[in-house]
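Engineer: Pasting a structure below so you can have a look.
The values are calculated or read from the model by the stated rules, or taken from the named source; none is laboratory data. Nothing here was measured: the structure is a model prediction, and the numbers come from that model. With ideal geometry, Cβ positions are generated from the backbone for all residues, glycine too; neighbour counts draw on all protein chains shown.
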Amino acid sequence: MSQQGTRGLRSRVPRWTLAGDGRSIPTGAVVAPDERLSWPRTVGIGMQHVVAMFGATLLVPTITGFPVTTTLLFSGIGTMIFLLLTRGRIPSYLGSSFAFIAPLTASAADGQAAQLGAVLCVGVVLAAVGVIVRLAGSRVIDAVMPPVVTGAIVALIGLNLAPTAVASYEAQPLVATVTLLVILLVTVLGPGLLGRLAILVGVIVGWMFAWAAGDLAQDRVDAMRSAAWVGLPEFNGPTFDISVIALALPVVIVLIAENVGHVKAVAEMTGRSLDDVAGTAIFADGIATTLAGLGGGSGTTTYAENIGVMAATRVYSTAAYWVAAATAVALAFSPKFGALVFTIPDGVLGGATLVLYGLIGLLGVRIWMDARVDFTDPVNLTVAAAALVAGIGDLTLSIGSVELGGIAWGSIGILVGYPVMRRLARMRGD
């Protein structure tokens, strides 16, 4: 290999500086995306990200009938692609997008191959949008998504998930309460890094409590025992059906909102401007979704669950996401281990997500506070209020055969409503 080629390869290899001594972090300090803790501690943080994404990433293929291990494989590969294309500036895990559930469920009779074609087309369109944003520059993001808009989208994405957390909590309230209390106590009282691993500790303690109380689902335990240690994921190819593609294309709107909201949230948490890579983030998610459609996995998106982990740990190192991605790829080839993780009870997930989803919602509020959004302004007040209620209440309406949920309607409402209302206010002279 030439010297120039070697330099080019090295420029793409991720490098991280050691945060502090790599073992402990002063109270209130953060670990930046280009930093890391010692590798054992980084692996611990990465495992916490795996726990955060695992349930949701597996839930989508379980509902839609897609192969679970295949979806897990492409989520890990997609995350690696995302980290490479964004050059490690945006810590993110690309898990299964819930936005695909409605169109994939509605098109189940058309067959999985046609569904994969729709997923692929959504990915191609999303990647094209990313190129446009990248070429036009960050001014497109600033114009279309000012703080009042981004704050609302981040908040409604997190709070839209609240019923899911509550339903899981109510399924096993004692297990969920134990999990929640452990997370809260470890967060507040845990010394050093232990406090930053509160969610992982809470999930492990909650799982052990559920096991001791006999609250593990027996069918999941039996499935784990009978699962093979090593096995290949199931790969399928796409076909293209215009009606199925049309059913899925509105998902692009949700994915754009989720990606931009993720970039804004990470920028807020890390104190670094990331608008210049927002287009690259959208493009990378588009490529990951396209690849999933080609091979048999569900479409991907930047994961809100992992924003919650970062908010709780204040560790934004992309090294932890490489660990999570590599773990997901390994799990895809181990049905036994995947089945073991799938034995995590609903109550444990309920206790953990009650915290995680709330943290995401409050990140949107923080964006408003830091940008000093004026809510005495009737435009800001009304459009944000309507978007939040649409998202939190999961407003679900159909346009023909296309059904859109609360995240879509809340995001569309404020993306369209804010500039229209602002222009009308200016015409009135306000």
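Engineer: Which residues, counting only those in segment 287-310, are small (Gly, Ala, Ser) and not in a helix (DSSP H, G or I)? Before you say what the answer is, go through the steps one by one.
Structural biologist: Filtering segment 287-310 down to residues small (Gly, Ala, Ser) leaves 288, 292-293, 295-299, 304, 308.
Within segment 287-310, Gly296, Gly297, Ser298, Gly299 meet the criteria.
Engineer: Pick from Leu395, Leu354: which is among the aliphatic types (A, V, I, L, M), in contact with a Leu (Cβ under 9 Å, 6 or more places away or on another chain) and not in a helix (DSSP H, G or I)? Give the derivation first.
Structural biologist: Numbers: Leu354 fails: not in a helix (DSSP H, G or I).
The unique qualifying residue is Leu395.
Engineer: Further question on the same structure: May I ask you to list pairs of residues, at least six apart or on different chains, whose Cβ atoms are under 7 Å apart, with the first in segment 105-117 being touching a residue at least 60 places away in the same chain (Cβ under 8 Å) and the second being of a type in the set (D, E, K, R) and not in a loop (DSSP other than H, G, I, E, B)?
Structural biologist: If the second residue must be of a type in the set (D, E, K, R) and not in a loop (DSSP other than H, G, I, E, B), the pairs left are Ala106/Glu403.
Engineer: Let me ask another. What's the number of the only condition in (1) in a helix (DSSP H, G or I); (2) in contact with a helix residue (DSSP H, G or I) (Cβ under 6 Å, 6 or more places away or on another chain); (3) touching a residue at least 24 places away in the same chain (Cβ under 8 Å) that Trp409 fails to meet?
Structural biologist: Only one criterion in (1) in a helix (DSSP H, G or I); (2) in contact with a helix residue (DSSP H, G or I) (Cβ under 6 Å, 6 or more places away or on another chain); (3) touching a residue at least 24 places away in the same chain (Cβ under 8 Å) is unmet by Trp409, namely (3).
Engineer: Which residues, taken from segment 1-53, are at pLDDT below 60 and of a type in the set (A, V, I, L, M)?
Structural biologist: Within segment 1-53, Met1, Leu9, Val13 meet the criteria.
Engineer: Among the residues of segment 308-350, write down those that are buried (at least 19 other Cβ atoms within 10 Å of the Cβ), closer than 20 Å to Ser298 by Cβ and among the hydroxyl-bearing types (Ser, Thr, Tyr).
Structural biologist: Tyr321, Thr327, listed by residue number.
Engineer: Continuing with the same structure: Of all helices (runs of 4 or more DSSP H) completely enclosed by segment 214-286, which ones contain at least 2 residues that are among the charged types (D, E, K, R) and under 30 Å from Met145 (Cα atoms)? Break it down into steps so the answer makes sense when it comes.
Structural biologist: Working: elements: 218-226, 242-248, 251-270.
Result: 251-270.
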